[in-house]
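The values are calculated or read from the model by the stated rules, or taken from the named source; none is laboratory data. Remember, it's a predicted structure, so these values are computed and weren't measured experimentally. As a convention, Cβ positions derive from the backbone with ideal geometry for all residues, glycine included, and neighbour counts pool all protein chains shown. Protein only, heavy atoms only, side chains kept; ligands, DNA and RNA dropped before computing areas. Shrake-Rupley method; radii C 1.70, N 1.55, O 1.52, S 1.80 Å.
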Amino acid sequence: MSRPQRQHKAPLRFGTFASEEEVAETEMFQEDSEEEEEREMPARRRAAQRHKRCWRGEEEEEAESEGERSARRKKPAKWNPAARATDGEGEEDDSSSESEGESSGDERVRTAPAQRRARKSAPFVPAPPAEPRSCSDMLSLLFACPDLIEALLAPDGLRSITLVARDAAHLAIALCAHSSEMAGLWQQLARRCDPALTGSVTDADALTAVRHAIRADRARFERINTTTAEGEYRVTRKELQGLSYETYRSHHTFWASTVKMFCKLDVLAIAHRKWGHLGVLEEQRAAARERSARAKEARQGKAAQREEEMAKALAAAGLAGPGARRRGHMARQIKAYLKRGEGNAAAIAEALRKEGEEARGRQKRHTALLKRLKEEGLKHEVWRSAARAFIAGRPGGQTLEQAVAAIRQANAESEALVARRTSITRLFIEEGLQAYLPEEYSRYHSWDGIFNNGMADYWNSPVPGLTSYVNRGDGSEEAVLAAARALHASERAKEQRRGAARAALEAEGLQTYDSFYLLPSLRGFVERDEGGVEQLVAAARQLRQQAEEQQARRERIEELLTAEGLPRHAPLQEVNAFVHGEGSEADALAAARAAAHKAAQQLAARQQRQAALVAALAAEGIEFYEISEEMNEDELCTVNAFIFNARDSQEHALAAVRAAHQAKQAREERRAKLAALLQAEGLSLDDCECITGMRTFLWSGAGSAETLVARAVAARQAANPPPGLRAYVV
């Protein structure tokens, strides 16, 4: 029976440090029978084994001892501790096979048979005793070995005081021993933690000293990330998967990646189970540094070799010199080849040579084009798209003469556009129409507006035809100017009609209705010349008469409501209908009386329900008006639903108030308990307001008071731990 794959490389632990799974697997492995081994053998080996047993005598079979069988039994290689001692421990030793391969061939030939014999040989496992030993016998054996207790309680770089106490507690559990029976162990650990304990120490004092030391252990509250755990303690990501963690952002921005932060105590426990003590871990760190140095040296050697190959390839391509490697994107390819070996030196040099030829060709075409444009007087037109296409040398591109002709044509079109724009601008200014020029409507409020491929943006002009004429030459100046004149005349007519309407309304005292919203016919008259001034005035008079009638009816109904002692501004549909002339006065008064009677009944019922609730709570000793300030939103909604709307029962309201009262009492009890615990440690609530989780515990009870006290004590002792505890600080 072989071990699970995940435990093939885990070191064997015995005694206190062994897990229950390892002990169970060891027992199952020892009890494995020959029939199970035979089923695991190949078919040919099973036949040979059966043939061998046939010739073996029955007496010899019976006389064979269990120890000889176990010695002849073949164990899996990875389960054998001797083989593991030969091969090395942990995942890091597998990667060191390259360094072992560097030794001479004769040395490997000599060590290989020894390794095979070590794998085949099985450790001697003594037979279990006939009867299990009692707890007292095991305790006497334990205390008879001071060196064993010294090794168990000795400080180590991988075991903080919490892990040391945990190992001692596990040993007591394994021996089924009480604290009084393990008093010597706890007293010795207490003296190590606090040297001030001299003479005879009681069991309670020893346990108290150990508890205080555990609370002051900084490893319980420190957090480390995955990189630190892998580098400092040589644990793998797979071993960290089962641990609890907290996530933090690597930077104070919402797009920053999250980092897993593990408890340092959990990582130390894994490292101690894996390596045993700090010496083995230091060996692993040294081996890792040595492998890293060898790998770095190998990388540097390969990089130097690739550098030499690249220099030869560049020299063969005629690109010798430091400036040959600084050309565009090829510089990145050269760096990738030198650093990671990506690509081929000859191919990169050939591509670099072709790129150099293309660059020289572009420079040659640029020089020729610039010379020709100077002759044509178009020196500053090299930015044209035709010029850029010719310089780039695109497949199927134009010749030098064609490119110059295209640039000349584009320049002529640009000059014609500028001439049209200048001419139309001058005409608009002479006619007094400069308000309709495009630059007055552009979002940048500049002369040229928004440029797009050398042409101004005239889309914001209200004059139809101006855009197409300036940008493309469509139409004529006369047509554009006529359209601008017509637009100007239309706007002047609108202004005249609006002025006439305003003057007529002011003459009648109706300036309040000079609005498109209040007087809808005003928009039709101003925008589309619909109707006339007389019709506008008549519509305004009618609106004023309606408003006066509504005001009279409003004053009448308010007078009647006041006389009967009813609310004046009751938002009732019948009252609003009467004000707008759509209902009768009797209906409005009847609706107001009914609404007032209903409101009085609701108020009386609400007061009655509130009085009943207050009386029921007073009988239980609860002051309603004091506890109402301590209620949460759900409880307050339940109480209000009963008092104001009667949508809930009195029992539910009482239950909500009782819950709020009990929560308040629980908060006071938690606060008193926490204050007492802190006072016993020489602290107060005011000194520990910044402790993480304190406010949450006081309000909702999340967490425990002991944890908060431990955090407060650890925060106080973090700067200056006790002298005896400094040896256990990791």
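Arg191 - would you say it is out of contact with any Pro (no Cβ under 8 Å at 6 or more places or on another chain) and either modelled with pLDDT under 85 or under 30 Å from Met261 (Cα atoms) (or both)? No; evaluated as a whole, the condition is false for this residue. Would you confirm whether any residue within segment 416-431 is in contact (Cβ under 8 Å) with a residue 12 or more places away in the chain, closer than 30 Å to Val463 by Cβ and either open to solvent by 90 Å² or more (accessible area, probe 1.4 Å) or outside any helix (DSSP H, G or I) (or both)? The answer is yes; a qualifying residue exists. Looking across segment 620-638 at every residue that is without any contact (Cβ under 8 Å) to a residue 24 or more places away in the chain and in a loop (DSSP other than H, G, I, E, B), the one that is least open to solvent (accessible area, probe 1.4 Å) is identified as Gly621.
Where residues in segment 194-209 are open to solvent by less than 60 Å² (accessible area, probe 1.4 Å) and over 43 Å from the mean Cα position of the chain (by Cα), which of them is modelled with the highest pLDDT? Step by step, filter segment 194-209, then rank; the result is Ala206. Among the β-branched types (Val, Ile, Thr) and either more than 18 Å from Arg420 (Cβ to Cβ) or out of contact with any helix residue (DSSP H, G or I) (no Cβ under 8 Å at 6 or more places or on another chain) (or both), is that true of Val470? So Val470 fails the test. For segment 386-405, residues that are assigned to a helix (DSSP H, G or I), open to solvent by 30 Å² or more (accessible area, probe 1.4 Å) and touching a Phe, Trp or Tyr at 6+ places or on another chain (Cβ under 9 Å) total 2. Residues in segment 368-385 that are within 17 Å of Glu415 (Cα to Cα) and either assigned to a helix (DSSP H, G or I) or among the small types (Gly, Ala, Ser) (or both): Leu373, Glu376, Gly377, Lys379, His380, Glu381, Ser385. Residues that are without any contact (Cβ under 8 Å) to a residue 24 or more places away in the chain, basic (Lys, Arg) and farther than 26 Å from Arg711 by Cβ within segment 224-257 comprise just one, Arg237.
The condition of being hydrophobic (A, V, I, L, M, F, W, C), at pLDDT 90 or above, over 22 Å from Ile691 (Cα atoms) and in contact with a helix residue (DSSP H, G or I) (Cβ under 9 Å, 6 or more places away or on another chain) holds for only one of Leu654, Leu636, that being Leu654. Any residue at all in segment 550-572 that's among the hydroxyl-bearing types (Ser, Thr, Tyr) and more than 30 Å from Lys494 (Cα to Cα)? Scanning segment 550-572, I find at least one residue that is among the hydroxyl-bearing types (Ser, Thr, Tyr) and more than 30 Å from Lys494 (Cα to Cα), so the answer is yes. Tell me whether segment 210-223 contains one or more residues that are free of Cβ contacts under 8 Å to residues at least 24 places away in the same chain and open to solvent by 60 Å² or more (accessible area, probe 1.4 Å). Yes, segment 210-223 has at least one match. Cβ-Cβ distances below 8 Å connect the following pairs, each with a first residue in segment 335-347 that is farther than 12 Å from Gln305 by Cα, a second residue that is not in a loop (DSSP other than H, G, I, E, B), and a separation of six or more residues or different chains: Glu342/Gln333; Glu342/Ala336; Gly343/Gln333; Gly343/Ala336; Gly343/Tyr337; Asn344/Tyr337; Ala346/Ala313; Ala346/Ala316. The sole residue among Ala675, Ala714, Ala718 that is modelled with pLDDT of 85 or more and among the small types (Gly, Ala, Ser) is Ala675.
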